[in-house]
Amino acid sequence: MIRLFCTVSDITAVMDAGYTIIRVYTDTSSTGDFTTLNGTITLVAATVSYEYTDLSGTSATWYKTCYYGASPGQSDKSPARKGDTSEAYGTVDELRAEMDKTSTASDLTLARLLDSATTSIDDTCNRPDGFVSIPVATTRIYAGSGKPFQRIDECTSITTVAVKDSVTDTSYTAWTTADWIGFRGDPRFPDFNRTPYTGLMVDPTGDESIFTSGAYTTRAGFRPTTDVFRGVPTVQITAKWGYATTVPHDIKEICIEQAARWYKHLEAAGSGLTADSELGQLNTGKLDADLISRLRTRRYIKATVG
């Protein structure tokens, strides 16, 4: 799913010219013809910001927009651009099915609730990289442990490992895949067979012995008598960071269930009954207590270290 945000700089002038909608065209390349009409956005007086949701859009989809009215017709198309990719753990279709909802009129609201539930799950579980690893490996740096093992962030695969030979070196030396082993858990009793990996250890059959320590001390003050310790980067890891390659079933269900609950609260609040006094203010920043308990019971909440 892709979200496309549109801003109308002078909505009054645009509507006075006879334009009533924004047309959204798609293509697979920025240099395409953009003849496929994906959908429209209705212009509203005094409203300058609009959000368009393309449920079938991907990170490879390109967009152009233009104004349209019965008279004067269609304006020139905007430059090609991409929208924002939603990384929610559940889809709008799945959420609608969960609530036995057939109408698509509230899809934008459902998408926002799913995004909010996803963020709340990541925050509750102390997983800033989320539960789905990034599709392309990226590089991170760490202060080396000075030991035969090195703690790293959760990742589903490791591409390269490079280590400085000395804490004062300016470049990293790449290790071969025979020099290191990815693992999870305690380095004394490591699990080599399951991801996410949370550490690396030196392979005893390789050419390396330790991950160069990042400990570095300097003298401080006009009359330096005290060593100032700091950890500097000596280990460079390229990996796909995150908990799993696909969203775990439990996480998907909790995301959809929380979003459904929030939507039902919104629906009740909009009914015109005594919603304010009986339901209170809807808070989409925190998961319901029973869902937090489920995450804790199934050990998805990662302990805070440091």
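Residues in region 57-103 that are more than 30 Å from T245 (Cβ to Cβ) and among the small types (G, A, S): 8 in all. Taken over region 31-85, the criterion of being at pLDDT 95 or above, over 25 Å from T12 (Cα atoms), in contact with a strand residue (DSSP E or B) (Cβ under 6 Å, 6 or more places away or on another chain) and among the β-branched types (V, I, T) is satisfied by T36 alone.
State yes or no: is L4 surrounded by 11 or more Cβ atoms within 10 Å (Cβ to Cβ), at pLDDT 95 or above and not acidic (D, E)? So L4 does not fit the description; no.
Take the conditions among the hydrophobic types (A, V, I, L, M, F, W, C) and touching a Cys at 6+ places or on another chain (Cβ under 9 Å) and apply them to I22. Does it pass? Please lay out each step first, then the result.
Working: among the hydrophobic types (A, V, I, L, M, F, W, C): yes; touching a Cys at 6+ places or on another chain (Cβ under 9 Å): yes.
Considered against the rule, which asks whether it is among the hydrophobic types (A, V, I, L, M, F, W, C) and touching a Cys at 6+ places or on another chain (Cβ under 9 Å), I22 comes out as yes.
Evaluate region 122-136: report whether one residue or more is modelled with pLDDT under 90, among the charged types (D, E, K, R), buried (at least 17 other Cβ atoms within 10 Å of the Cβ) and more than 19 Å from S157 (Cβ to Cβ). No, the conditions are met nowhere in region 122-136. Summed over region 92-141, the residues that are within 30 Å of I41 (Cβ to Cβ), outside any helix (DSSP H, G or I) and out of contact with any Phe, Trp or Tyr (no Cβ under 8 Å at 6 or more places or on another chain) give a count of 7.
Here's the yes/no breakdown for (1) surrounded by 14 or more Cβ atoms within 10 Å (Cβ to Cβ); (2) modelled with pLDDT of 95 or more; (3) outside any strand (DSSP E or B):
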site	(1), (2), (3)
R188	no, no, yes
L200	yes, yes, no
I210	yes, yes, yes
R230	no, no, no
I237	yes, yes, no
V247	yes, no, yes
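Anything in region 165-197 that is touching a Gly at 6+ places or on another chain (Cβ under 8 Å), farther than 26 Å from P128 by Cβ and not polar (S, T, N, Q)? List them, or say none. Within region 165-197, V167, W175, A178, D179 qualify. Scanning region 54-91 for residues that are loosely packed, with under 14 Cβ neighbours inside 10 Å and in a loop (DSSP other than H, G, I, E, B) turns up S56, T58, S59, A60, A70, S71, P72, D76, P79. When you scan region 13-33, do you find a residue that is touching a residue at least 24 places away in the same chain (Cβ under 8 Å), touching a helix residue (DSSP H, G or I) at 6+ places or on another chain (Cβ under 7 Å), on the phi < 0 side of the Ramachandran plot and part of a strand (DSSP E or B), even just one? No, region 13-33 contains no residue that is touching a residue at least 24 places away in the same chain (Cβ under 8 Å), touching a helix residue (DSSP H, G or I) at 6+ places or on another chain (Cβ under 7 Å), on the phi < 0 side of the Ramachandran plot and part of a strand (DSSP E or B).
The values are calculated or read from the model by the stated rules, or taken from the named source; none is laboratory data. Note that this is a predicted model, so its numbers are computed, not measured. Glycine gets a Cβ as well: all are built from the backbone with ideal geometry, and neighbour counts include every protein chain shown.
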